[in-house]
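**Student:** I have a structure here, written as structure tokens, and I will follow up with some questions on it.
Each reported figure results from applying straightforward, stated rules to the coordinates on display, with no laboratory input. Since the model is a prediction, treat every value here as computed from it, not as a measurement. Glycine gets a Cβ as well: all are built from the backbone with ideal geometry, and neighbour counts include every protein chain shown.
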Amino acid sequence: MSTTPRPTQRTLGASGPVTSALGLGCMGMSDLYGPADEAESIATIHAAIDAGVTLLDTGDFYGMGHNELLIHEALRGRARESVQISVKFGAQRGPDGQWLGYDASPAATKTALAYTLRRLRTDHIDVYRPARLDPNVPIEETVGAIADLVKAGYVRHIGLSEVGADTLRRAAAVHPISDLQIEYSPISRSIEGDILPTARELGIGITAYGVLSRGLLSGHWSPDRPLAGTDFRGHSPRFQGDNLTHNLALVEALREVAAAKGASVAQVAIAWVASRGDDVVPLVGARRRDRLTEALGALDVTLTDADLASIEAAVPVGAAAGDRYAAAQMAHLDSEH
Ligand SMILES: NC(=O)c1ccc[n+]([C@@H]2O[C@H](COP(=O)([O-])OP(=O)(O)OC[C@H]3O[C@@H](n4cnc5c(N)ncnc54)[C@H](OP(=O)(O)O)[C@@H]3O)[C@@H](O)[C@H]2O)c1
């Protein structure tokens, strides 16, 4: 008998699907965190589904289609309705992986969805969302194009990613929005300004990513870990020099809180995000079964008010050194303007 705990369920916003309480983010299985093992990635997706995880998050640009093809492979022989697939689109990339900007125009939106359906060999996507606000396209046009796809049955729900409160309001005026995908962790809390209250007012759920600050808060990070040239963390301000030293000291403070709970640092960080509300679903970026097992263990960690106060004292708001993205990428975040 498996000892892996079964995640309970949550509903994404007022209009969204019922999903597992933790989602699996598949990005690192194809891109941005250095080499990944394909067989282990598929085994991790299988283990997640077997443990009750139903929400799988991807983007058509993660490995330029590779991540969707991988998910298709992992879902072979499984009932399509047993999972919810969340797909981001709009990021433009060259054959060498170079980032070329964003296109969320109606034509690009519909074209991207057509290719995504083929790669995933499915007839619908559960949540479809632009990865970033396209500065050249009013959000009403992007959401309107996805709403056409909803009407035609190709998409079930519309989501957004890294947008601010005004954009949430404009988008929700066009069509119900199931969830906002945005970075949220004990060291990334800018959502708590006007974004989270606005999402709640509009009945929009949160799928939180970077819950472990991309591995920094995992308790497994070490300054001498070699980083491939394409690894996001090679360019992330939080992973550089003195910033990294400062941030790893925060992790040690968090480790003391975790040890007192008999939990790991990663589990406490995930449990903290899950504790923000029933409308928040943490996406964990596990790409190995051992990491997944650790992440699922967070569902058994109940944080008391005293624990939450200890976490707050260990990692006060604004404690991290360095922005969560490099300057050029911060400029693409409507959520930070
Ligand atoms: N909307 C957006 O803009 C956006 C941006 C980024 C990501 N996302 C989505 O959110 C998902 C999660 O984001 P993320 O990958 O940055 O999140 P994350 O969970 O903060 O970071 C994942 C990293 O943490 C490491 N890690 C160590 N222990 C772990 C454990 N027990 N469980 C999980 N990971 C552990 C992983 O391990 P190893 O290195 O050892 O494998 C990986 O390098 C992505 O897969 C993607 O689907 C969305």
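**Student:** Checking the condition surrounded by 19 or more Cβ atoms within 10 Å (Cβ to Cβ), in a helix (DSSP H, G or I) and either small (Gly, Ala, Ser) or touching a strand residue (DSSP E or B) at 6+ places or on another chain (Cβ under 7 Å) (or both), which residue from Ala286, Ala313, Ala298 passes? If you could, list the steps in order and put the result at the bottom.
**Tutor:** Details: Ala286 fails: in a helix (DSSP H, G or I); Ala313 fails: surrounded by 19 or more Cβ atoms within 10 Å (Cβ to Cβ).
From the options Ala286, Ala313, Ala298, the qualifying one is Ala298.
**Student:** May I pose another question? Go through the residues of the range 159-168 one by one and say whether even a single one is under 20 Å from the mean Cα position of the chain (by Cα) and of a type in the set (D, E, K, R).
**Tutor:** Initially, the range 159-168 is screened for residues under 20 Å from the mean Cα position of the chain (by Cα), giving 159-165, 167-168.
Among the residues that remain, those that are also of a type in the set (D, E, K, R) are: 162.
Yes: the range 159-168 contains one or more residues that are under 20 Å from the mean Cα position of the chain (by Cα) and of a type in the set (D, E, K, R).
**Student:** State which residue is farthest from Glu81 (Cα to Cα) when the search covers only the range 116-145 and only residues that are away from the ligand (no atom under 16 Å from the Cβ) and of a type in the set (A, V, I, L, M, F, W, C).
**Tutor:** It comes out as Val137.
**Student:** Being under 25 Å from Gly101 (Cα atoms) and surrounded by fewer than 18 Cβ atoms within 10 Å (Cβ to Cβ) is true for just one of Gly63, Gly25, Gly34. Which residue is that?
**Tutor:** Values: Gly63 fails: surrounded by fewer than 18 Cβ atoms within 10 Å (Cβ to Cβ); Gly25 fails: surrounded by fewer than 18 Cβ atoms within 10 Å (Cβ to Cβ).
Matching residue, one of Gly63, Gly25, Gly34: Gly34.
**Student:** Which of the residues belonging to the range 266-282 are within 11 Å of the ligand (Cβ to nearest atom) and surrounded by fewer than 24 Cβ atoms within 10 Å (Cβ to Cβ)?
**Tutor:** Answer for the range 266-282, where residues must be within 11 Å of the ligand (Cβ to nearest atom) and surrounded by fewer than 24 Cβ atoms within 10 Å (Cβ to Cβ): just Gln267.
**Student:** Moving to a separate point now. Failed condition for Tyr62, given (1) within 13 Å of the ligand (Cβ to nearest atom); (2) in a strand (DSSP E or B), with all others met?
**Tutor:** The single condition Tyr62 does not satisfy is (2).
**Student:** Being without any contact (Cβ under 8 Å) to a residue 12 or more places away in the chain, out of contact with any Gly (no Cβ under 7 Å at 6 or more places or on another chain) and within 24 Å of Met27 (Cβ to Cβ) narrows it down to one of Asp305, Asp323, Asp290, so name that one. So that I can check it myself, show each step before the final result.
**Tutor:** Values: Asp305 fails: within 24 Å of Met27 (Cβ to Cβ); Asp323 fails: without any contact (Cβ under 8 Å) to a residue 12 or more places away in the chain.
Residue meeting the stated conditions: Asp290.
**Student:** If you don't mind, another one. Under the condition of being of a type in the set (Gly, Ala, Ser) and touching a strand residue (DSSP E or B) at 6+ places or on another chain (Cβ under 9 Å), which residue from the range 106-133 is nearest to Gly25 (Cα to Cα)? Lay out the reasoning, then the answer.
**Tutor:** The initial filter retains those residues of the range 106-133 that are of a type in the set (Gly, Ala, Ser), namely 107-108, 112, 114, 131.
Adding the requirement that they be touching a strand residue (DSSP E or B) at 6+ places or on another chain (Cβ under 9 Å) leaves 108, 112, 131.
On the way: Ala108: 24, Ala112: 20, Ala131: 14 Å.
Here the residue is Ala131.
**Student:** Go through the range 204-225 residue by residue and tally those that are surrounded by fewer than 17 Cβ atoms within 10 Å (Cβ to Cβ) and either under 30 Å from Gly164 (Cβ atoms) or within 12 Å of the ligand (Cβ to nearest atom) (or both).
**Tutor:** Filtering the range 204-225 for residues surrounded by fewer than 17 Cβ atoms within 10 Å (Cβ to Cβ) gives 220, 222-225.
Within this subset, residues satisfying the condition of being either under 30 Å from Gly164 (Cβ atoms) or within 12 Å of the ligand (Cβ to nearest atom) (or both) are 220, 222, 225.
Count: 3.
**Student:** Which one of these is within 23 Å of Gly16 (Cβ to Cβ), basic (Lys, Arg) and out of contact with any strand residue (DSSP E or B) (no Cβ under 7 Å at 6 or more places or on another chain): Arg170, Arg156, Arg225, Arg214? Quick ask: steps written out before the conclusion?
**Tutor:** Values: Arg156 fails: out of contact with any strand residue (DSSP E or B) (no Cβ under 7 Å at 6 or more places or on another chain); Arg225 fails: within 23 Å of Gly16 (Cβ to Cβ); Arg214 fails: within 23 Å of Gly16 (Cβ to Cβ).
Within the list Arg170, Arg156, Arg225, Arg214, the selection yields Arg170.
**Student:** Let me ask another. In the range 307-317, is there at least one residue being under 30 Å from Gly101 (Cβ atoms) and touching a Lys or Arg at 6+ places or on another chain (Cβ under 8 Å)?
**Tutor:** Within the range 307-317, the first condition is being under 30 Å from Gly101 (Cβ atoms), and the residues that meet it are none.
There is no residue in the range 307-317 that is under 30 Å from Gly101 (Cβ atoms) and touching a Lys or Arg at 6+ places or on another chain (Cβ under 8 Å).
**Student:** Applying the selection to the range 19-53, what residues are part of a helix (DSSP H, G or I) and touching a Ser or Thr at 6+ places or on another chain (Cβ under 6 Å)?
**Tutor:** Step one: filter the range 19-53 for residues part of a helix (DSSP H, G or I), giving 27-29, 38-50.
Residue satisfying the conditions is Met29 alone.
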